[in-house]
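Structure record follows, encoded as structure tokens.
The values are calculated or read from the model by the stated rules, or taken from the named source; none is laboratory data. Everything numeric here is computed off the predicted structure, so don't read it as measured data. Virtual Cβ from ideal backbone geometry, glycine too; neighbours counted across all protein chains shown.
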Amino acid sequence: MFSTVPPPAALTLSGAYPASLQLSDVRVGRISPIVVGGLVRLADFALTIFSGFLVAALYHGETEVLADPLYAAMIAIAGVSAVLAFDRLGLYSSQALAKMHRSLPRLMLGWFAAFAVVGGVAFFLKAGADLSRGWLALWLVSGAAVLVAERAGVSLVVQRLAKAGRLQRRAVIYGTGPLTEELIHKLEADQGMELRIIGVFDDRTDARGHASASAYPRLGTLDDLISVSRMLRVDLVIVALPLAGESRLHDVANRISELPADIRLPAQATQIRLARRLYSYVGPVAMIDLHDRPIADWGHVAKWTFDKFIGLCALVLLAPVMALVAIAIKLDSPGPVLFRQKRYGFNSELIEVLKFRSMHTALCDATADRLVTKSDPRVTRVGRIIRKTSLDELPQLFNVLMGTLSLVGPRPHAVAAKAEDRLYDQVVSRYFARHKVKPGITGWAQISGWRGETDTREKIEKRVEHDLYYIENWSVFFDLYILAMTPLALLKSENAY
């Protein structure tokens, strides 16, 4: 599962590269193996519990046994023990899930181990006489059959996902030389590696650095790496630079920290040996974590579920208010009710955000080249009200359901928005780090007093500072708190025009 792919021909890179890649080959939606393993854990537990109760009811010919606390306790113990045993035996890795025939002996070993735990508990509780041996025997056999059937189905699904590249981490490497060659050699030696290396990048010329590393051509500079990483939704950036070049390492790490990816430094980049718990591993290679991708794995699932459920509920509850606003806009001035504006979204990609139109149609500023100010003549009478109260933002609930926005996150800014006549990214050095997560309708900056106009350096710096704090400290409870405080923040509208 370890492979290399050239970058898409549509990209303009400074280095030579093969041009046979189709963008769809690598920019497929990735499914976290951690989430897949978690779902299979839940399935194992549920099937174990279900088979235990079903066999008990069929064997005894009555449903009363299902209410017996002893049977319920033993079934629960078996379910928990089975999952723990499977986990210890490595049965939730992508390799084990894909190759069911190889993991079958361990599956049976874990299942028998779970029954051994049940037998031990029953012995020490002196409850053996109260449990049917026939039921236990039938459950042992039928439960094993159910688990085998389940794992066979899971194996087919995982194999298809792996073949489509849905379980692979897309990676790029910055730096050429002996360190990179050693790194790639170790990664290639791991046949079970779920990694796809897109290419190697370096700013040094061939005279100072190596022209290539292993079979991987150098594809370009650091700017090219950032461009490719954004285009292909790279999951991992490995900075293969020695710690001796501290200044260069700092500059490179600072630049790529804006990417929504894990940033890792190979442990062999330094002779200092740290405690094992301080390392993470990419296959067999120990890594030092420089930056982690925010809201990943189960965090991503939780936030997606939160957005869809709360977003749909909010849309239903606020539909009458939105209808009244739409009627008021239509009666106040000619033109469409909704206004569409290009803004920066996740991974600095352009998205189209929906808003209620608050300006006269002929004066609408789609790029926000000129910020709205107090008593701005472009704003309609209804527009002043809905901008003050943020009612103009309500159509963005549709963006949430479509997946381009989140309920909570850094507010998306228009592409030409400026502070002190300079684009935001020219004012704040880490501005694009805001885009490591999906933007939101409301955010930590908005409820902390930095809502509204961002016409000065201080205002945009404070907003970015709060946005980065949110990204680094995200949790579902943090989102709930921000949503709960948003109505109170709307009462402070001195900077909203």
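Scanning the stretch 430-477 for residues that are in contact (Cβ under 8 Å) with a residue 40 or more places away in the chain and loosely packed, with under 15 Cβ neighbours inside 10 Å gives 449, 472, 476. Does the stretch 283-306 contain at least one residue that is assigned by TED's automatic domain parsing to the domain that holds residue 175, at pLDDT below 85, out of contact with any Lys or Arg (no Cβ under 8 Å at 6 or more places or on another chain) and not small (Gly, Ala, Ser)? Scanning the stretch 283-306 turns up no residue that is assigned by TED's automatic domain parsing to the domain that holds residue 175, at pLDDT below 85, out of contact with any Lys or Arg (no Cβ under 8 Å at 6 or more places or on another chain) and not small (Gly, Ala, Ser).
From the set of residues in the stretch 428-462 that are among the hydroxyl-bearing types (Ser, Thr, Tyr) and more than 22 Å from the chain's Cα centre (by Cα), which is modelled with the highest pLDDT? Full working, then the answer.
First, the residues of the stretch 428-462 that are among the hydroxyl-bearing types (Ser, Thr, Tyr): 429, 431, 442, 448, 454, 456.
Subset that is more than 22 Å from the chain's Cα centre (by Cα): 429, 448, 454, 456.
Numbers: 429: 81, 448: 89, 454: 75, 456: 82.
For the stretch 428-462, the residue satisfying everything is 448.
Inspect all residues belonging to the stretch 119-126 and state whether any of them is farther than 28 Å from residue 231 by Cβ, touching a helix residue (DSSP H, G or I) at 6+ places or on another chain (Cβ under 7 Å) and not aromatic (Phe, Trp, Tyr). Yes, there is a match, as at least one residue in the stretch 119-126 is farther than 28 Å from residue 231 by Cβ, touching a helix residue (DSSP H, G or I) at 6+ places or on another chain (Cβ under 7 Å) and not aromatic (Phe, Trp, Tyr). Among the residues making up the stretch 293-304, those that are closer than 14 Å to residue 438 by Cα and part of a helix (DSSP H, G or I) are 299, 300, 301, 302, 303, 304.
Yes/no matrix, rows are residues, columns are (1) in a loop (DSSP other than H, G, I, E, B); (2) in contact with a helix residue (DSSP H, G or I) (Cβ under 9 Å, 6 or more places away or on another chain); (3) charged (D, E, K, R); (4) on the phi > 0 side of the Ramachandran plot:
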| position | (1), (2), (3), (4) |
| --- | --- |
| 336 | yes, yes, no, no |
| 354 | no, yes, no, no |
| 377 | yes, yes, no, no |
| 404 | yes, yes, no, no |
| 407 | no, yes, no, no |
| 426 | no, no, no, no |
| 441 | no, yes, no, no |
| 446 | no, yes, no, no |
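Keeping to the stretch 78-93, report how many residues are assigned to a helix (DSSP H, G or I) and either within 26 Å of the chain's Cα centre (by Cα) or of a type in the set (A, V, I, L, M, F, W, C) (or both).
Start the filter on the stretch 78-93 by keeping residues that are assigned to a helix (DSSP H, G or I), which leaves 78-88.
Of the ones still in play, those that are also either within 26 Å of the chain's Cα centre (by Cα) or of a type in the set (A, V, I, L, M, F, W, C) (or both) are 78, 80, 82-87.
Qualifying residue count for the region: 8.
One residue stands out in the stretch 356-367 among those that are out of contact with any helix residue (DSSP H, G or I) (no Cβ under 7 Å at 6 or more places or on another chain) and outside any helix (DSSP H, G or I): the one that is nearest to residue 379 (Cα to Cα), namely 360. When you scan the stretch 286-316, how many residues do you find that are free of Cβ contacts under 8 Å to residues at least 24 places away in the same chain, under 26 Å from residue 183 (Cα atoms) and surrounded by fewer than 17 Cβ atoms within 10 Å (Cβ to Cβ)? Going through the stretch 286-316 one residue at a time, the tally reaches 0. Cβ-Cβ contacts under 6 Å between residues 6 or more apart (or on different chains), taken from a first residue in the stretch 92-111 that is closer than 18 Å to residue 164 by Cα to a second residue that is β-branched (Val, Ile, Thr) and modelled with pLDDT of 90 or more, are listed as 97/154; 97/158; 98/158. For residue 148, the conditions (1) within 13 Å of residue 33 (Cα to Cα); (2) out of contact with any strand residue (DSSP E or B) (no Cβ under 9 Å at 6 or more places or on another chain) all hold with the exception of (1). Every condition in (1) closer than 17 Å to residue 178 by Cα; (2) touching a Lys or Arg at 6+ places or on another chain (Cβ under 7 Å) holds for residue 266 except the one numbered (2). Hey, any hits in the stretch 79-90 for a residue that's modelled with pLDDT of 95 or more, touching a helix residue (DSSP H, G or I) at 6+ places or on another chain (Cβ under 7 Å), surrounded by 15 or more Cβ atoms within 10 Å (Cβ to Cβ) and of a type in the set (S, T, N, Q)? Yes - at least one qualifying residue is present in the stretch 79-90.
Taken over the stretch 417-429, the criterion of being touching a Lys or Arg at 6+ places or on another chain (Cβ under 9 Å) and free of Cβ contacts under 8 Å to residues at least 12 places away in the same chain is satisfied by 422, 426.
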